[in-house]
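S.K.: Encoded as structure tokens, here's the structure I'll be asking about.
The values are calculated or read from the model by the stated rules, or taken from the named source; none is laboratory data. All of these numbers come straight from a predicted model, not from anything done at the bench. Note that we place each Cβ from the backbone using ideal geometry, even for glycine, and neighbour counts take in every protein chain shown.
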Amino acid sequence: MNSNWALLGRISAISARAPRGAMTLVITAVLVAFVTQPLEARTLKILHVFKGSPDGSGPLTGPIQDKQGNFYATTFGGGIKQWGTVYKIGPKGKETVLHSFVGGSDGTTPTSGLIMDAEGNLYGTTYWGGSSSCFDGNGCGVVYKLSHTSRGWKESILYVFTGGADGAYPGNGTLARDAAGNLYGTTLYGGNGDWPNGNGVVYKLTHSSSGWKEHVLHAFGTNSQTDGVNPYGGVILDDAGNVYGSTYFGGSSGLGTVFKIEPNDSETILYNFKGGTTDGAGPLSALVRDEVGNLYGTTAYGGDLICSSIGCGTVFKVGANGTETLLHIFTGYPLDGSGPGLLVRDKAGNLYGTAWGGGNSSNCLDSNNQPSGCGVIFEVNTKSKEIILHNFSSGDGVGPTGLSLYGGSFYGAASGFGNGLVFKFTK
């Protein structure tokens, strides 16, 4: 396989049964202003446009930043073998490919972002690669580390998934890392049967003198699917060692869950999504946790069924006691976004994110050749009021897929047309 683009619907959590048809995009450089949200004080600057090979293609996550102002992230395609890259963008906008995945014992197709330790080492996962198991011998995915040495960046494979009880196919969520350096993550499949069986796992990787060892904290659907199926978004940790995440399917209604795993590996379902007009369904992205233990996230669909037959998604809050509050229901083109992704939260408690579709641009069309919007950057403030900060319109990006907040600026990626790009947005 020399192209991953044809497989985006299979490997990208962004398109997994989300309320978006295949988009037929009309190339134009016209930026359409949102009349009720003037953009005079807001600017979007394109930092890098990907070329494919040997450059990357298809950035799916927002970048992370080091102390020197460099940004790091992944592309799920492109690179030397078209199997994806890890890239760096310097403070002046210069892009450097740090690693091109080549398949085989190496990973392939990184759909998740990166984390960085105090020494500047990078950690991430790939969806495929590592072994001859799973998907026609293309592997079940790996956990990798990139170390910055005097001779450049060196990749180390920390763990290779086998597709059995240990899991298969890490999702789009970034790894979590505790104070001891242990790594935590999720896989979409595996856990209670060999590939292609299993509903996914939450795992922990512990380092010792003999290398990295995996411990499965929880295998979903071992007895039934009511405890969740397919944890796409990865996990987050609290100071007490509890692990939090979401599943795309499963739960009491089959429409996804928010879960908690305690240090003794016991799992609790904090919330079961119900879908329809009054609730979200299908959470795909990682959660965000505030100082008092409330969890925030998005669902790919549910909410306003006028937007589509299954809804355009929501922003939600789940309290420590399991009570859910819908903070926003997306309504799609032309006044709102559709298909929201990962949230970021500022010190004041405002939430920010991107939506893959929606917005007011008529330059992006759905499968029925009707305008569907090219995506938006949005804010949900502490009063649960949504503000559209930016409407994409193909000239400045299509299908925004990730967002990071540093100071007063946001850094993100868009991958819905061509090879994708990285942008900086100043509010």
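S.K.: Those residues that are out of contact with any Asp or Glu (no Cβ under 8 Å at 6 or more places or on another chain), under 21 Å from residue 113 (Cα atoms) and either surrounded by fewer than 22 Cβ atoms within 10 Å (Cβ to Cβ) or of a type in the set (A, V, I, L, M) (or both), I need them from the stretch 339-354; list them, please.
M.R.: 342, 343, 344, 346
S.K.: Give the stretch 290-347 a look and list any residue that's touching a helix residue (DSSP H, G or I) at 6+ places or on another chain (Cβ under 9 Å) and of a type in the set (Lys, Arg), or say none.
M.R.: Result: no residue meets the conditions.
S.K.: So in the stretch 112-127, with the set limited to residues that are among the hydroxyl-bearing types (Ser, Thr, Tyr) and either part of a strand (DSSP E or B) or over 15 Å from the mean Cα position of the chain (by Cα) (or both), which one is farthest from residue 147 (Cα to Cα)?
M.R.: Among them, the one singled out is 126.
S.K.: Can you tell me which of 137, 78, 107 is under 27 Å from residue 200 (Cβ atoms) and either buried (at least 22 other Cβ atoms within 10 Å of the Cβ) or among the charged types (D, E, K, R) (or both)?
M.R.: Of 137, 78, 107, the one residue that is under 27 Å from residue 200 (Cβ atoms) and either buried (at least 22 other Cβ atoms within 10 Å of the Cβ) or among the charged types (D, E, K, R) (or both) is 107.
S.K.: Separate question: So, restricting to strands (runs of 3 or more DSSP E) that lie completely within the stretch 130-197, which ones have at least 1 residues that are among the charged types (D, E, K, R)?
M.R.: The strands (runs of 3 or more DSSP E) meeting that bar are 142-149, 152-160.
S.K.: I need the full set of residues from the stretch 291-315 which are under 15 Å from residue 279 (Cβ atoms), of a type in the set (A, V, I, L, M) and modelled with pLDDT of 95 or more, in order please.
M.R.: 300, 315
S.K.: Which residue pairs have Cβ atoms closer than 8 Å, lie 6 or more positions apart in sequence or on different chains, and pair a first residue in the stretch 355-374 that is more than 23 Å from residue 412 (Cα to Cα) with a second residue that is among the charged types (D, E, K, R) and crowded, with 18+ Cβ neighbours inside 10 Å?
M.R.: Cβ pairs passing all conditions: 366/20.
S.K.: Considering only residues of the stretch 185-206 that are surrounded by fewer than 21 Cβ atoms within 10 Å (Cβ to Cβ) and either in contact with a Gly (Cβ under 6 Å, 6 or more places away or on another chain) or among the aromatic types (Phe, Trp, Tyr) (or both), which is nearest to residue 263 (Cα to Cα)?
M.R.: The residue in question is 192.
S.K.: Within the stretch 213-222, work out how many residues are in contact with a Lys or Arg (Cβ under 9 Å, 6 or more places away or on another chain) and touching a residue at least 24 places away in the same chain (Cβ under 8 Å).
M.R.: Here the count works out to 3.
S.K.: Out of all the residues in the stretch 49-58, is one or more crowded, with 18+ Cβ neighbours inside 10 Å, modelled with pLDDT of 95 or more, under 19 Å from residue 174 (Cβ atoms) and in contact with a strand residue (DSSP E or B) (Cβ under 8 Å, 6 or more places away or on another chain)?
M.R.: yes
S.K.: Continuing with the same structure: Of the conditions (1) buried (at least 23 other Cβ atoms within 10 Å of the Cβ); (2) farther than 21 Å from residue 71 by Cα; (3) modelled with pLDDT of 95 or more, residue 394 satisfies every one except a single condition; which number is it?
M.R.: Here residue 394 meets the rest and fails (3).
S.K.: Yes or no: residue 245 small (Gly, Ala, Ser), surrounded by 16 or more Cβ atoms within 10 Å (Cβ to Cβ) and either part of a strand (DSSP E or B) or in contact with a helix residue (DSSP H, G or I) (Cβ under 7 Å, 6 or more places away or on another chain) (or both)?
M.R.: Judged against the criteria, residue 245 is a match.
S.K.: Give me a count of the residues in the stretch 81-118 that are free of Cβ contacts under 8 Å to residues at least 12 places away in the same chain and not hydrophobic (A, V, I, L, M, F, W, C).
M.R.: 3
S.K.: Among the candidates 80, 46, 89, which residue alone is within 20 Å of the chain's Cα centre (by Cα) and hydrophobic (A, V, I, L, M, F, W, C)?
M.R.: Answer to the check: 89.
S.K.: Please count how many residues of the stretch 226-242 are in a loop (DSSP other than H, G, I, E, B) and either at positive phi or not acidic (Asp, Glu) (or both).
M.R.: Count: 9.
S.K.: While we're on this one: Assess whether residue 206 counts as being at pLDDT 95 or above, out of contact with any helix residue (DSSP H, G or I) (no Cβ under 6 Å at 6 or more places or on another chain) and farther than 23 Å from residue 172 by Cβ.
M.R.: When the stated conditions are applied, residue 206 passes them.
S.K.: Does any residue of the stretch 316-325 turn out to be within 17 Å of residue 386 (Cβ to Cβ) and surrounded by fewer than 24 Cβ atoms within 10 Å (Cβ to Cβ)?
M.R.: For the stretch 316-325, residues within 17 Å of residue 386 (Cβ to Cβ) and surrounded by fewer than 24 Cβ atoms within 10 Å (Cβ to Cβ): present.
S.K.: Read through the list (1) of a type in the set (S, T, N, Q); (2) outside any loop (DSSP other than H, G, I, E, B); (3) in contact with a Gly (Cβ under 7 Å, 6 or more places away or on another chain), then give the number of the only condition that residue 253 fails.
M.R.: It is condition (2) that residue 253 fails.
S.K.: For the subset of the stretch 286-315 comprising residues that are part of a strand (DSSP E or B) and not β-branched (Val, Ile, Thr), which member is nearest to residue 246 (Cα to Cα)?
M.R.: 297
S.K.: Write out, first by first residue and then by second, each pair whose Cβ atoms fall under 6 Å of each other, whose residues are 6+ apart or on separate chains, and whose first residue, in the stretch 283-303, is touching a residue at least 40 places away in the same chain (Cβ under 8 Å) while the second is polar (S, T, N, Q) and in a loop (DSSP other than H, G, I, E, B).
M.R.: Once the first residue is touching a residue at least 40 places away in the same chain (Cβ under 8 Å) and sits in the stretch 283-303, its partners that are polar (S, T, N, Q) and in a loop (DSSP other than H, G, I, E, B) give 298/285.
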